[in-house]
Amino acid sequence: MLRSSLSSCLRRSVIPILFATSVRSQNFCSSSSQTQIPPPPPPREGAEENHYDSRPTASISIDRSGLYNHPEHSHEPSSDSELVKHLKSIIKFRGGPITVAEYMEEVLTNPTSGFYMNRDVFGAGGDFITSPEVSQMFGEMIGVWTMCLWEQMGQPERVNLIELGPGRGTLMVDLLRGASKFVDFTKSLHIHMVECSPTLRKVQYDNLKCTDEAVNEEDHTKRTISMLSGAPISWHSTLEEVPSGSPTIIIAHEFYDALPVHQFQKAPRGWCEKMVDVEENSSFRFVLSPQPTPATLLYLMKRCKWAGAQEIAKVEHIEVCPQAMDLTHQIAKRVSSDGGGALIIDYGENRIISDSLQAIRKHKFVHILDDPGTADLSAYVDFASVRHSAEEASEDISVYGPMTQSQFLGSLGINFRVEALLQNCTEEQAESLRTGYWRLVGDGEAPFWEGPDEQTPIGMGSRYLAMAIVNKKQGAPIPFQ
């Protein structure tokens, strides 16, 4: 009966979306911005205990175009930025190094100088490109998944649709545009954008065609409405700020990868935490902790308990993300109490993550310690840890996946959608559609590409994974049956 209901949902939501809307040409990525990511190198050897060598490698393949390993770099800024001064003052005040997680958090979200805080870093003109910027089809397929889950939830009259880290708002724009004909669904939505960057909030406000309308003229109360759907929309700095009590659908696309990670390395004296220190010449360097740190005892041991002895024995480095554990705990608790579900899509593995932290500036790999605050820092998502964290938080939720992004989007109908769009577009749009489609679901180099080798589109369909956390009462969500 459940499978029949889900199939009915797909017939009533996927097919109309696939054929009813047109090409979103303004958000296509120019093929000139796409370059091939080199193949992974051999595994790195262990680092010296006093100075860990963490040069960028090409082993991390992600859905961001134009990346390559810069042959020369210096992580010694010509003149110290405010963020560099701030980081050095923290280290000096502490009387010793800080954790990689602390460094990463300051670099990305420092209120005055953080990478995400004061500029638009997305798209061809920014530092990297995400899946929603690649093609409108990504957001449309997420919309299909969201509507199917809403039907499984019993079509509630009010639902909190929450997006974590919405970037430029492109995913939500395409979701709402694709779902615009489903009035009962769009009427039920109250959209919540979890975004800490004031600059990106403004970009999202504009892209979602928002306007403020008076609710109570006496006390001048206002609310913000997206003119794309008429849905009220609110902004929050954290998930905890989003009101609870209503059925909830949460979307976390390329959000977990930006959460700070602790890094640990196996040494003769046992597991040591990798730290960031200042050298005598005032440049930053990696060092290993001389003894177990609080993170070693709290988080590394917890992660190792979830893994088998054989898995631990095979690795020399381990990354652990406490904020991902805490966030997943919050999501699971909310889904358990309010009903609904969450969709997590990111690049990662369904196992312990060894050494994946990377820095990207203007579509190029750079050293992690190179001019902090001017490059994006991200790390592979440990989906096994996400699963354990969710299941530990509540017995009333079920976790499905991960499955590859290619499987996920293919099951939702992206193949039919691209065929429909190709029927009514210009040749330039057709090339962008084929390129975007391949980058979303393909694996490796695009076989149809006839342009310059250095611009060959690279498929990320098998490198990105999708996982769902849902209330047990609703059964398995599409397409995880």
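The values are calculated or read from the model by the stated rules, or taken from the named source; none is laboratory data. Everything numeric in this text was worked out from a predicted model, so none of it was measured. All Cβ positions, even for glycine, are placed from backbone atoms using ideal geometry, and neighbour counts span all protein chains on display. Calculation scope for accessible area: heavy atoms of the full protein, side chains included, ligands and nucleic acids excluded. Shrake-Rupley method; radii C 1.70, N 1.55, O 1.52, S 1.80 Å.
The table below gives the values:
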quantity: Verdict on residue 285 being charged (D, E, K, R) and not in a strand (DSSP E or B); calculated: no
quantity: Pair list, Cβ < 6 Å and 6+ apart or interchain, from the stretch 276-301 residues that are in contact (Cβ under 8 Å) with a residue 60 or more places away in the chain to residues that are open to solvent by less than 80 Å² (accessible area, probe 1.4 Å) and hydroxyl-bearing (Ser, Thr, Tyr); calculated: 276/103; 286/52; 286/54
quantity: Pairs where the first residue, in the stretch 77-102, is in a loop (DSSP other than H, G, I, E, B) and the second is surrounded by 14 or more Cβ atoms within 10 Å (Cβ to Cβ) and at pLDDT below 95, C-beta under 7 Å, 6+ apart; calculated: 77/84; 77/371; 81/113; 81/373
quantity: Every residue from the stretch 141-152 that is open to solvent by 10 Å² or more (accessible area, probe 1.4 Å) and under 21 Å from residue 239 (Cα atoms); calculated: 150
quantity: Failed condition for residue 372, given (1) surrounded by fewer than 19 Cβ atoms within 10 Å (Cβ to Cβ); (2) closer than 30 Å to residue 283 by Cα; calculated: (1)
quantity: Breaking point among (1) buried (at least 23 other Cβ atoms within 10 Å of the Cβ); (2) farther than 18 Å from residue 480 by Cβ; (3) among the β-branched types (Val, Ile, Thr), for residue 352; calculated: (1)
quantity: Evaluation of residue 425 against (1) over 17 Å from residue 137 (Cβ atoms); (2) out of contact with any Phe, Trp or Tyr (no Cβ under 8 Å at 6 or more places or on another chain); (3) touching a residue at least 60 places away in the same chain (Cβ under 8 Å) (one fails), failing number; calculated: (1)
quantity: Any chance residue 432 is in contact with a helix residue (DSSP H, G or I) (Cβ under 8 Å, 6 or more places away or on another chain), of a type in the set (S, T, N, Q) and within 20 Å of residue 145 (Cβ to Cβ); calculated: no
quantity: Members of the stretch 298-338 found to be more than 18 Å from residue 252 (Cβ to Cβ) and not in a helix (DSSP H, G or I), listed by number; calculated: 307, 308, 314, 315, 316, 317, 318, 319, 320
quantity: Helices (runs of 4 or more DSSP H) completely within the stretch 158-237 that count 2 or more residues being over 14 Å from residue 139 (Cβ atoms), open to solvent by 60 Å² or more (accessible area, probe 1.4 Å) and without any contact (Cβ under 8 Å) to a residue 40 or more places away in the chain; calculated: 183-188, 198-207
